[in-house]
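Written below as structure tokens is the structure these notes are about.
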Amino acid sequence: MNPGPEALIDSRAGWPTVAATFVSTFAVFGINYSFGAFFKPMADEFASSRSSTALVFSITTFLTFLLGVVSGRIADRIGPRKVLAVGTVAMVAGLLATSQVRSIEVGYVTYALGVGIGAACAYVPMVAAVGGWFATKRTSALGVAVAGIGVGTLITAPLAEQLIESYGWRQTYVILAITTGLLMSVALIGANRPPRAANAAPAPTMMGVVRGNGDFRVLYTAMFLLSLVLFLPFVFLDDYLTQQHISGSAGWLVGTIGICSVFGRLGFGVLARRWALMSLYRGCFFAVGASFGLWIAAGSSYALLVVYAVVLGVSYGGFIALSPAVAAVIFGPVGLGGVLGLLYTAAGIGGLIGPPLIGLSIDAADYTATLAIAASLGICSSFVLLRLNPQTTAQPR
């Protein structure tokens with residue numbers, strides 16, 4: 001006799017989906033967050049400005065989270081495996097096409113569509129699936145699942161740097177396309193649809209969430225403000241080292257952010273089972289903003305930049321791990337894919353606007369002034385979260 005849906009919650013049956021999420025996010029975000037290694041060679045070849053080159057990353061981030069609305073809702077209905085398969089094809093095709101582009105404008109289309117669709121199909125649907133498989137173990141399971149983002153960043157960013165040095169940026173994208181296709185094909189095996197309790201309430205409609213819940217608007221505003229500055233190091237660290245004549249690898253700094261985000265994901269996943277979830281969540285927002293103050297203090301010191309990378313990585317990892325858990329507490333696990341997809345459009349809009357504006361700010365002023373603005377926006381986002389209704393965030397649903 002097969003166990004009912006309730007019996008499968010928090011069981012071993014959910015861990016293959018956790019593993020699949022780890023692998024798929026490892027692949028897609030490892031590539032996207034290594035874009036800084038491609039920034040200078042692409043800008044040099046196409047003679048493009050900081051702002052226009054950063055727009056490649058920005059459009060990709062925007063599409064990742066905008067399309068998450070669609071991919072999350074579809075995965076709620078048909079399961080994550082078919083959605084992830086579409087993302088695999090898009091990711092491989094986009095990287096191969098980008099390796100052949102002859103202008104930065106064409107790169108906006110090939111890279112942004114390929115990596116954007118791939119990440120949209122690999123993140124929201126898979127994270128929501130993990131959230132549906134677990135209840136009491138949700139924060140821990142999500143912490144392990146999204147740790148793939150950090151490990152992927154740790155490995156891919158410095159690897160891309162070395163590959164570009166040896167083979168050039170075009171051939172590197174070909175190598176990454178093949179590797180990504182293999183990894184995501186493996187992830188398809190464990191991308192299982194979560195069980196749904198027979199007495200579960202219907203999934204909330206997206207417009208109903210927007211109109212009927214003030215907490216959604218608070219979360220959306222805070223995430224938008226943070227996302228304006230969150231992706232700054234993934235695009236501009238290499239450029240900063242070059243401008244400041246700092247000897248050292250930007251790839252390893254980005255990799256440090258990645259590996260420390262793993263500790264943040266796992267650590268905050270455990271802490272959230274003992275401490276107040278919302279207090280931890282606000283603390284992560286505040287620490288992301290404060291980390292840019294450390295970057296200012298670092299100046300031309302590579303050692304202090306490593307400290308900055310550690311602080312940002314841990315707090316960024318906590319933000320990523322706790323966001324689905326916070327959404328599940330406020331809105332419930334049923335229909336979580338659609339709710340997360342809608343919420344993450346805030347990160348998409350912030351990611352679209354932020355890096356090009358940062359590039360313009362650096363060109364017009366300097367890095368110090370730009371980093372001060374980034375710190376202010378990050379810290380402000382943590383205070384926005386104080387407006388969440390304490391009654392709706394007090395107990396898990």
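Here is a yes/no grid of residues against (1) touching a Lys or Arg at 6+ places or on another chain (Cβ under 9 Å); (2) modelled with pLDDT of 85 or more; (3) buried (at least 24 other Cβ atoms within 10 Å of the Cβ):
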| position | (1), (2), (3) |
| --- | --- |
| 247 | no, yes, no |
| 254 | no, yes, yes |
| 259 | no, yes, no |
| 277 | no, no, no |
| 296 | no, yes, no |
| 306 | no, yes, no |
| 310 | no, yes, no |
Worksheet item: How do the pairs read when you match residues in region 124-135 that are closer than 23 Å to residue 348 by Cβ with residues anywhere that are among the polar types (S, T, N, Q) and in a loop (DSSP other than H, G, I, E, B), using Cβ under 9 Å and keeping only pairs 6 or more apart or on different chains?
Response: 129/192
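Name the single residue that is farthest from residue 126 (Cα to Cα) among those in region 177-191 being of a type outside the set (Gly, Ala, Ser) and surrounded by fewer than 21 Cβ atoms within 10 Å (Cβ to Cβ). Explain how you work it out, then say what you get.
Step one: filter region 177-191 for residues of a type outside the set (Gly, Ala, Ser), giving 178-180, 182-184, 186, 188-189.
Among the residues that remain, those that are also surrounded by fewer than 21 Cβ atoms within 10 Å (Cβ to Cβ) are: 178-179, 182-183, 186, 188-189.
Numbers: 178: 22, 179: 20, 182: 18, 183: 15, 186: 14, 188: 10, 189: 13 Å.
Across region 177-191, the extreme among qualifying residues is 178.
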Worksheet item: Could you count how many residues in region 139-191 are under 17 Å from residue 89 (Cα atoms) and of a type in the set (S, T, N, Q)?
Response: 3
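If you go through region 44-54 one residue at a time, how many are within 21 Å of residue 96 (Cβ to Cβ) and surrounded by fewer than 24 Cβ atoms within 10 Å (Cβ to Cβ)?
Here is the first cut: in region 44-54, the ones within 21 Å of residue 96 (Cβ to Cβ) are 45-46, 53.
If we keep only those that are surrounded by fewer than 24 Cβ atoms within 10 Å (Cβ to Cβ) as well, we get 45-46.
Counting residues in region 44-54 that are within 21 Å of residue 96 (Cβ to Cβ) and surrounded by fewer than 24 Cβ atoms within 10 Å (Cβ to Cβ) gives 2.
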Discussion item. Taking the criterion of being farther than 20 Å from residue 180 by Cα and among the β-branched types (Val, Ile, Thr), would at least one residue in region 8-24 satisfy it?
Written reply: yes
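Considering only region 363-387, how many residues are part of a helix (DSSP H, G or I) and loosely packed, with under 13 Cβ neighbours inside 10 Å?
To start, the set of residues in region 363-387 that are part of a helix (DSSP H, G or I) comprises 363-364, 367-387.
After this cut, where a residue has to be loosely packed, with under 13 Cβ neighbours inside 10 Å as well, the list is 363-364, 368, 386.
Going through region 363-387 one residue at a time, the tally reaches 4.
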Discussion item. Just to be sure before I move on: is residue 102 over 17 Å from the mean Cα position of the chain (by Cα) and under 22 Å from residue 253 (Cα atoms) in the structure I sent?
Written reply: no
Worksheet item: What about residue 66, is it hydrophobic (A, V, I, L, M, F, W, C) and under 14 Å from the mean Cα position of the chain (by Cα)?
Response: yes
Fill in: Failed criterion for residue 100 (all others in (1) of a type outside the set (Asp, Glu); (2) out of contact with any helix residue (DSSP H, G or I) (no Cβ under 6 Å at 6 or more places or on another chain); (3) within 24 Å of residue 124 (Cα to Cα) hold)
(3)
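What residue, of 51, 71, is under 23 Å from residue 321 (Cβ atoms) and in a helix (DSSP H, G or I)? If you could, list the steps in order and put the result at the bottom.
Numbers: 51 fails: under 23 Å from residue 321 (Cβ atoms).
When all the criteria are applied, what remains is 71.
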Item to complete: Enumerate the pairs (first residue in region 320-341 and modelled with pLDDT under 75; second residue anywhere and among the acidic types (Asp, Glu)) with beta-carbon separation below 9 Å, excluding pairs fewer than 6 apart on the same chain, so at least 6 apart or on different chains.
Response: 334/76; 335/76; 336/76; 337/76; 338/76
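Could you say which residue among 157, 122, 147 is buried (at least 24 other Cβ atoms within 10 Å of the Cβ), out of contact with any Pro (no Cβ under 8 Å at 6 or more places or on another chain), of a type outside the set (Ser, Thr, Tyr) and at pLDDT below 85?
Numbers: 157 fails: at pLDDT below 85; 122 fails: at pLDDT below 85.
Being buried (at least 24 other Cβ atoms within 10 Å of the Cβ), out of contact with any Pro (no Cβ under 8 Å at 6 or more places or on another chain), of a type outside the set (Ser, Thr, Tyr) and at pLDDT below 85 holds for just one of 157, 122, 147, which is 147.
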Worksheet entry | Tally of residues being more than 21 Å from residue 159 (Cβ to Cβ) and either surrounded by fewer than 22 Cβ atoms within 10 Å (Cβ to Cβ) or touching a Phe, Trp or Tyr at 6+ places or on another chain (Cβ under 7 Å) (or both) across region 13-43 | 6
Discussion item. Condition first: of a type outside the set (A, V, I, L, M, F, W, C) and either touching an Asp or Glu at 6+ places or on another chain (Cβ under 6 Å) or over 30 Å from residue 131 (Cβ atoms) (or both). Can you find one or more residues in region 65-86 that meet it?
Written reply: no
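When you check residue 130 against the structure, is it surrounded by 24 or more Cβ atoms within 10 Å (Cβ to Cβ), within 21 Å of residue 18 (Cβ to Cβ) and not aromatic (Phe, Trp, Tyr), yes or no? Walk me through how you get there before you give the answer.
Values: surrounded by 24 or more Cβ atoms within 10 Å (Cβ to Cβ): yes; within 21 Å of residue 18 (Cβ to Cβ): yes; not aromatic (Phe, Trp, Tyr): yes.
The answer is yes for residue 130.
Residues are listed down the side, and each one gets a yes or a no for (1) hydrophobic (A, V, I, L, M, F, W, C); (2) within 17 Å of residue 276 (Cα to Cα):
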position	(1), (2)
298	yes, no
301	no, no
304	yes, no
325	yes, yes
331	yes, no
341	no, no
344	no, no
Discussion item. Testing residue 97 on (1) crowded, with 24+ Cβ neighbours inside 10 Å; (2) modelled with pLDDT of 90 or more, one condition comes back false. Which one is that?
Written reply: (1)
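The values are calculated or read from the model by the stated rules, or taken from the named source; none is laboratory data. Remember, it's a predicted structure, so these values are computed and weren't measured experimentally. Virtual Cβ from ideal backbone geometry, glycine too; neighbours counted across all protein chains shown.
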